[in-house]
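To start, the structure under review is shown below, and the notes come after it.
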């Protein structure tokens, strides 16, 4: 049994989609382990997208992983070491959850292709609010300044942020959002509640670190 086959035994592989998701997670773990062996996390940290790696499990199509290395991250973030146990035990340095949330909400509000929807943004937004993780507003503002969506001398109060969030929620076709995300959701009945009023209520319940 190969290493990848051993790692896949951790997952229920009932459907083809189960196997694909398990392969993706396994491939990500192997890629991160390789970066750890190269001492990458001694001076940097990761976030998804950009440089493409191909992992080739036996008897499967290649799995492509995208990793983005940000050489000029916006200020105001914190990092922490998280323990991974596969394919061996090692620590990965990454953003704290409030700062990850800030990055997610920056994409949520300011993606360059606003005419399209990315359902995963809405799924993640729901997850952060449901699990009562606050968003680091200061780091969000630094990101928005770097991208030009907030002026260099402009502040952003919690109230103004919430107003922008509600405006974005009202503009989006939630049916298109549900269609885009349902391939990631094992039980699509959980999406039946997704509506403009539902996400407006999530916005009201969203917690901010200021």
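Note on segment 171-181: residues that are surrounded by fewer than 16 Cβ atoms within 10 Å (Cβ to Cβ) and either under 21 Å from residue 16 (Cα atoms) or more than 20 Å from the chain's Cα centre (by Cα) (or both) amount to 4. Only one of the numbered conditions (1) farther than 22 Å from residue 181 by Cα; (2) more than 14 Å from the chain's Cα centre (by Cα) is not met by residue 117, and that is (1).
The requirement of being outside the structural domain of residue 81 (by TED's automatic domain parsing), more than 16 Å from residue 199 (Cα to Cα) and in a helix (DSSP H, G or I) is not satisfied by residue 149.
A quick yes/no check of all residues on (1) under 18 Å from the mean Cα position of the chain (by Cα); (2) over 21 Å from residue 185 (Cβ atoms); (3) modelled with pLDDT of 95 or more:
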site: 122; (1), (2), (3): yes, no, yes
site: 140; (1), (2), (3): yes, yes, yes
site: 155; (1), (2), (3): no, yes, no
site: 169; (1), (2), (3): no, no, yes
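Residue 138 falls short on exactly one of the conditions (1) touching a helix residue (DSSP H, G or I) at 6+ places or on another chain (Cβ under 6 Å); (2) part of a helix (DSSP H, G or I), and that condition is (1). Comparison of 100, 156 shows that the only residue that is assigned to a loop (DSSP other than H, G, I, E, B) and surrounded by 15 or more Cβ atoms within 10 Å (Cβ to Cβ) is 156. Does residue 109 satisfy being modelled with pLDDT of 90 or more and within 30 Å of residue 37 (Cβ to Cβ)? Against the criterion (modelled with pLDDT of 90 or more and within 30 Å of residue 37 (Cβ to Cβ)), residue 109 does not qualify.
With respect to the conditions (1) in contact (Cβ under 8 Å) with a residue 60 or more places away in the chain; (2) touching a helix residue (DSSP H, G or I) at 6+ places or on another chain (Cβ under 7 Å), residue 98 falls short on a single one, namely (2). Among the residues of segment 5-37, the ones that are in contact with a helix residue (DSSP H, G or I) (Cβ under 6 Å, 6 or more places away or on another chain) and in contact (Cβ under 8 Å) with a residue 12 or more places away in the chain come to 5 in all.
The values are calculated or read from the model by the stated rules, or taken from the named source; none is laboratory data. No experiment lies behind these values; they were computed from the predicted model shown. FYI the Cβ positions are ideal-geometry reconstructions off the backbone, even for glycines, and counts take in every protein chain you see.
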